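Below is one structure, written out as structure tokens, with a few remarks after it.
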Amino acid sequence: MPYRVHGTVVEAETGHPVEGLRVRAYDGDFVFDDLLGEARTDAEGRFEVIFTEVDFQDFLETRPDVFIRVLDPDGKQVLLDLRRERRQNARSDERFDVRLPASLLPGSAS
């Protein structure tokens, strides 16, 4: 069964979409987190990651515990980590709408 993690990234103060950021979806586990996939935000701030059971399933796990990290365009700096807000036993379609403070955006004068 395919799974989908999607949503938007907008600047918190203005609500303007943020283009070009990397969004990585993970399955949060006790020992280590499985990377499920990565996408870039488009001109509307939208992103979408598609994955299947092969990407997360192990002996006991039948559904992923999904969370995302938002990174700079180069994928080197984590701007926002939502691991503490992971979705336990995620549905096949999970939406994350992120409001990112302007001070965290690349090129900000923070």
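No lab work stands behind these numbers, since they all come straight from the coordinates. Because the structure is a prediction, the values reported are computed rather than measured. Backbone-built Cβ (ideal geometry, glycine too); neighbour counts: all protein chains shown.
Which of R46, R83 comes first, and how do the rest follow, when ranked by fewest Cβ neighbours within 10 Å? Present the calculation step by step, with values, prior to reporting the outcome.
On the way: R46 16, R83 12.
Fewest-to-most ranking of R46, R83: R83, R46.
Gaussian network model of the chain, Cα springs within a sub-10 Å range: biggest mean-square fluctuation belongs to which of A12, A25, A90?
Comparing A12, A25, A90 in a Gaussian network model of the chain, the most mobile one is A12.
Can you compute the modelled spin-label distance between E38 and D93, with each label point 7 Å from Cα toward Cβ, in nm?
Going from the E38 label point to the D93 one covers 2.7 nm.
Computed over the Cα atoms of the range 1-51, what is the convex hull's projected area averaged over all directions, in nm²? The partial results should precede the final answer.
Numbers: hull surface 17.0 nm².
That works out to 4.2 nm², a quarter of the Cα hull's surface.
Suppose every K and R has +1 on its Cβ and every D and E has -1 on its Cβ; what is the size of the dipole of the chain about the Cα centre, in Debye to the nearest 20?
Numbers: 15 positive and 23 negative charges, 44 e Å.
In debye, rounded to 20, the chain gives about 220.
If each residue's Cβ is checked for other Cβ atoms within 10 Å, how do D27, D81, D65 rank with the fewest at the top? Don't jump to the answer; show the numbers that get you there.
On the way: D27 23, D81 14, D65 19.
Ascending Cβ contact count within 10 Å gives the list D81, D65, D27.
Select from V5, V31, P17 the residue farthest towards the positive end of the dipole of the range 3-96; place +1 on Cβ of Lys and Arg, -1 on Cβ of Asp and Glu, and compute about the Cα centre.
Value computed over the given set: P17.
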